[in-house]
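Reading through the structure tokens given below for one structure.
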Amino acid sequence: MPEIGNLLREGKGKRIYATDNPEYAIVYYKDEAMAFHGLKRGRILGKGEVNNSICEHLFTLLADHGIESHFVERIDSRHSLVRRCEMLPFAVKIRNRVAGQMATRTGLPVGMALEQPVVEFVLKDTEMEEDPLVNHTHIYAMKAATPEEMDEITRTSLKVNEVLGEYLREINIELIDFKLEFGRFGGHILLADEITPDTARFWDSRTHEPLDIDRFRRDLGGVAEAYQEVLHRMMGAS
């Protein structure tokens, strides 16, 4: 394993460390869980190991479909080596059914299928109670991305949705919505961060039970078991 250097940043579910190579970083996946902008905190036993394996599996799947990401390799149960990107200050949310904040904002019924995916952009790392929605013109005003980069980010996000949605349907999981982050590396835009039950809504396609962080948010119980179930299905043990 490459030598772990200084802590670069820490988020809800992981820590990012420098390495002796400035082009690479090491991600450490934590068991800690957070919701409602830190108002609710807890620990999901084994979550870090599960999320690390899910990221390896999904980023590898996406690479097989021509979608580049920061992921290089999983080092051990909780650590992965990634390309050290200059992260963009906004995230992309893709919604296939109404859930969470979209239901609150629009009044549409939870679970309603959308005729086409809804693409949203939100600012990251803000002090506000909710992640502020922004549009292309806000992003251009902030000089956070160029029109060409935004076109690429949108195309890539929709392709990720298509690839993951088709794959997950095969293992009886419905992709309700999810968050993606992007960064610059070597003059290119790369998919970065993570795709896990921490950042996506996964519903069992038969029971419509959540298999994600919503179980923690809503005190539904069985959170660790839900994360494990997602990984087991991906590994062919459904």
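No value in this document is a laboratory result; all are computed from the given coordinates. For clarity, every value in this text was computed on a predicted model and none was experimentally measured. Methodologically, a virtual Cβ is constructed for each residue, glycine included, from the backbone with ideal geometry; neighbour enumeration extends over all protein chains shown.
Odds and ends about this structure:
- Each of Phe36, Phe71 was scored by other Cβ atoms within 10 Å of its Cβ. Arranged with the fewest first, they read Phe36, Phe71.
- Unsatisfied cross-links (Cα-Cα over 28 Å) in the set Lys30/Lys179; Lys40/Lys143; Lys40/Lys159: Lys40/Lys143; Lys40/Lys159
- Average Cα contact separation per residue, the chain, under 8 Å, 6 or more apart, as relative contact order %: 17
- Cα shape, the stretch 146-199, gyration tensor, a/c 1.5 rule: prolate
- Ordering Arg201, Arg184, Arg206 from the fewest to the most neighbouring beta carbons within 10 Å gives Arg206, Arg184, Arg201.
- Karplus-derived HN-Hα couplings along the stretch 27-35 (A = 6.51, B = -1.76, C = 1.60, θ = phi - 60°), whole Hz, x at Gly and Pro: 9, 10, 8, 9, 8, 5, 10, 9, 9
- Mean residue ellipticity, 222 nm, helices only, the chain: the sum of -39500 (n - 2.57) across DSSP H runs of n ≥ 4, divided by residue count and rounded to 500, is -9000 deg cm²/dmol.
- Cα gyration tensor shape for the stretch 86-221, rounded if a/c is under 1.5, else prolate or oblate: prolate
- Anisotropy class of the chain from Cα gyration tensor, a/c 1.5 cut: rounded
- With neighbour counts taken as other beta-carbon atoms within 10 Å, the residues Arg83, Arg105 rank, fewest first, as Arg105, Arg83.
- The relative contact order of the stretch 7-83, computed from alpha carbon pairs under 8 Å that lie at least 6 residues apart in sequence, is 27 percent.
- At least 24 Å along the helix axis (C-alpha) and Kyte average at least -0.5, DSSP helices within the chain: 47-64
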